[in-house]
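Undergrad: After the structure tokens below, expect a handful of questions from me.
The values are calculated or read from the model by the stated rules, or taken from the named source; none is laboratory data. Being a predicted model, the structure only gives us computed values, none of them experimental. Positions of Cβ are generated from backbone atoms using ideal geometry, with glycine treated the same way; all protein chains shown enter the neighbour counts. For accessibility, only protein heavy atoms count, side chains too; no ligands or nucleic acids. Shrake-Rupley method; radii C 1.70, N 1.55, O 1.52, S 1.80 Å.
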Amino acid sequence: MKIGNHTVKYSFKPARIISDIISLAMAAFSAISAASFSSAHPEIQLEMARMDLISLWVFPAVCAAVILIYIVVTLKSRRFEKYNITKDNAQSVFDWFVFAVSLCKLPLLFSAIEAEFIVEERLLGLEKSFFSVTFVLCALILVIIIRFSAHRITSLTKTDNKKSNTVFISSDVAEADEKKEKK
């Protein structure tokens with residue numbers, strides 16, 4: 001795996017492991033909910049068979065697609081040309097990027113499950129609107145995660161002039177000491 005021109009290791013942090021477990025549980029919950037709904041209400045299966053555009057199994061497929069996209073995005077090497085990636089900060093930039101993508105899965109999965117519940121309620125005959133405040137909140141959370149992560153990666157890759165000057169001065173002092181010893 002490469003980030004910029006530097007090789008990084010695929011590491012698992014505890015927070016990312018928890019996020020991945022929660023997202024797998026949400027995808028399993030979506031599939032179990034669709035299966036139990038279709039088996040508990042056999043009279044609705046006739047109506048679902050007539051529906052060409054949407055069926056109840058679309059939502060577990062969307063959850064699986066979100067997880068597959070997460071896997072592909074995290075396994076693909078990234079250039080990150082916008083950022084100043086060095087050998088020292090490449091691993092931390094990669095860890096933050098993968099954690100951000102892992103966190104972005106959660107609002108997407110939650111939105112898919114909410115949409116599944118809305119469709120189930122409409123199939124039962126309830127007059128439920130397709131609009132939900134949950135979708136707006138999930139979009140807001142998604143924007144916050146992306147913005148915070150972009151800011152964190154920018155701060156990780158920002159060059160620190162004081163640090164580079166200190167190294168430069170200390171090397172000049174070491175060279176001056178060597179010249180004094182030779183005389």
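Undergrad: In whole percent, how big is the carbon plus sulfur part of the accessible area of the stretch 95-147, probe 1.4 Å, protein atoms only?
TA: Looking at the stretch 95-147 in its full context, I get 76 percent from C and S.
Undergrad: List the residues whose amide H sits under 5 Å from the amide H of PHE80, counting only those 5 or more places along or on another chain, with H placed 1.01 Å from N in the peptide plane.
TA: It is GLY4, by chain and number.
Undergrad: Using a Förster distance of 25 Å, how high is the FRET efficiency between ILE69 and GLU121, based on the Cβ-Cβ distance and rounded to 0.05?
TA: Once the sixth-power term is evaluated, E becomes 0.35.
Undergrad: Right, another one. Subtract the Cα-Cα distance of SER155 and ILE22 from 0.36 nm times their separation in residues, and report this length gain in nm to one decimal.
TA: 45.0 nm
Undergrad: Treating only the Cα positions of the stretch 77-119 as identical point scatterers, give the base-10 log of I(q)/I(0) from the Debye formula at each q in 0.16, 0.18, 0.32 Å⁻¹.
TA: Once normalised to I(0) and log-transformed, intensities are -0.56, -0.62, -1.07.
Undergrad: Shape call for the stretch 1-153 from the C-alpha gyration tensor, a ≥ b ≥ c root eigenvalues: rounded (a/c under 1.5), prolate (a/b greater than b/c) or oblate?
TA: It comes out prolate by the Cα gyration axes.
Undergrad: Please find the FRET efficiency linking VAL58 to GLN91, where r is the Cβ-Cβ separation and R0 is fixed at 45 Å, and quote it to the nearest 0.05.
TA: Using R0 = 45 Å, I get an efficiency of 0.70.
Undergrad: Just to confirm, what accessible area per residue do you get for the stretch 92-149 at 1.4 Å probe, in whole Å²?
TA: Per-residue accessible area for the stretch 92-149 comes out at 52 Å².
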